[in-house]
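No value in this document is a laboratory result; all are computed from the given coordinates. Everything quoted here is computed from the prediction, not taken from an experiment.
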Amino acid sequence: MLSLSSSYGRATSGLRDAFPGPSPASSTGSTDVGDRSAAFQAVEGGTEHRSGESLLVAAYAGLWALMMAWVFIQWTKQTAFARRLDGLEGAVNGAAAAADSKSAKPATARPAEAPAADA
Amino acid sequence: MSPPPTARASTAGRATPYFIALVAVSTLLVFASLDVIFLRAPVERTMGIVQKIFYFHVPSAVCMYVGAAACFGGSVAYLVEPTELRDAIGRAGAELAVLFGVIVLGTGSLWASKAWGTYWTWDPRLTTMLLSVLIYVAYLVLRAFAGDGEGERKFAAALGVIGAANLPIIHFSVQKWAGQHPTVITNKGGGLGHSDMKLALALSFAAMFSVVLAFLWVRVRGQLLENRFADLEEDALDLGLGEGLNE
């Protein structure tokens with residue numbers, strides 16, 4: 001009988017009892033399926049209601065999930081920051097272009113005005 | 001007045017190799033601790049495999065203390081003489097105190113569900129830990145929604161100082177009041193009965209400590225950049241470059 005247990009040691013010993021491994025008969029070619037029969041039965045009123053392995057995995061996964069969530073929050077903050085930076089860059093570039101066009105206007109205007117002055 | 005761009009770049013350039021080294025060391029320590037915790041450290045006799053939660057529950061608590069200590073140190077220093085760096089350290093410390101406080105409460109609850117048969121009980125240590133996390137949550141809520149003026153920063157700094165008063169209470173609550181929370185690392189009994197158990201805990205302490213330092217570094221740097229950028233935005237608005245900002 002195989003008793004399903006969450007305790008690793010008990011579970012593995014239970015598995016070893018239920019499935020002792022290939023016998024010399026099976027290795028020599030015995031195909032009798034009855035030799036490999038196993039009955040699965042639930043434990044009634046067992047002492048372990050929660051699996052220690054699953055709790056350990058949940059705790060470790062939760063630890064890294066929370067830390068990765070923190071990293072993700074930092075990433076989203078940086079994304080918003082980059083957007084603001086683009087805005088500032090655009091404003092500075094726009095102001096620089098406006099300043100350039102202001103300083104360039106008199107230089108381009110003079111030759112156009114010159115013939116009129118001559119006339 | 002903010003420093004010239006060349007000075008900023010050179011400061012960042014000097015710090016980068018140290019940060020990369022810290023991340024590399026953290027990565028190595030995390031993998032080494034994984035190997036020892038899950039593959040080498042033996043299963044505990046009475047508690048079973050769930051005892052291995054201890055190897056990252058306790059270091060997470062220490063990381064929470066590191067965050068809270070950073071918040072306390074930054075807050076005290078800010079109240080003495082306000083600077084951007086001190087404010088950033090206080091804020092980053094509070095964030096990490098919340099992050100690792102939640103990890104401690106979460107992993108502890110999972111262990112308790114097996115050991116005590118319940119996820120939560122109003123044990124003195126659990127209650128004081130929850131209270132501490134809530135204080136740092138209040139700090140972050142204040143910083144997020146109350147504005148970023150000098151008065152708000154000083155009020156938050158005062159909260160960061162008061163929040164630290166609870167830390168020794170968490171630590172000594174197990175000894176002073178009757179409770180269920182076990183004490184393993186103590187000079188009155190307890191302890192780890194196998195060399196691989198001790199190695200697992202030591203490696204886990206080192207790994208988590210280096211991780212929290214890296215997180216603190218990243219967060220302080222990010223906060224400083226954000227503050228400097230906000231100053232630049234204000235300068236740009238003063239110069240009449242309002243178009244395109246805050247979009």
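Springs between alpha-carbon pairs under 10 angstrom, Gaussian network model over chain B: which of B:T83, B:T46, B:T118 fluctuates most?
B:T46
Just how far, in whole angstrom, is the stretch B:53-70 from the stretch B:201-221 if you go by their alpha carbon centroids?
Centre-to-centre (Cα) distance: 10 Å.
In degrees from 0 to 90, rounded to the nearest 10, what is the angle of the helix B:54-80 Cα long axis to the longest principal axis of chain B?
Computed tilt is about 30 degrees.
In chain B, how does Rg compare with the Kirkwood Rh, expressed as the Rg/Rh ratio over alpha carbon atoms?
Here the Rg-to-Rh quotient is 1.05.
Filter the cross-link list B:K176/B:K198; B:K52/B:K154; A:K77/A:K102; A:K77/B:K114; A:K77/B:K176 down to pairs whose alpha-carbon distance in this structure exceeds 32 Å. Write out the running numbers ahead of the final one.
Values: B:K176/B:K198 27 Å; B:K52/B:K154 42 Å; A:K77/A:K102 37 Å; A:K77/B:K114 38 Å; A:K77/B:K176 42 Å.
From the list (B:K176/B:K198; B:K52/B:K154; A:K77/A:K102; A:K77/B:K114; A:K77/B:K176), the Cα-Cα distance tops 32 Å for B:K52/B:K154; A:K77/A:K102; A:K77/B:K114; A:K77/B:K176.
More than 24 angstrom separation, counting every C-alpha pair in the stretch B:119-247; what % is that? Mind dumping the intermediate values first?
Working: 4606 of 8256 pairs.
Summing the P(r) tail past 24 Å for the stretch B:119-247 gives 56 percent.
At 222 nm, what helix-only mean residue ellipticity would chain B give, in deg cm²/dmol to the nearest 500, using -39500 (n - 2.57) for each DSSP H run of four or more?
Values: 7 runs with 182 residues, N = 247.
Using -39500 (n - 2.57) per qualifying helix, the result is -26000 deg cm²/dmol.
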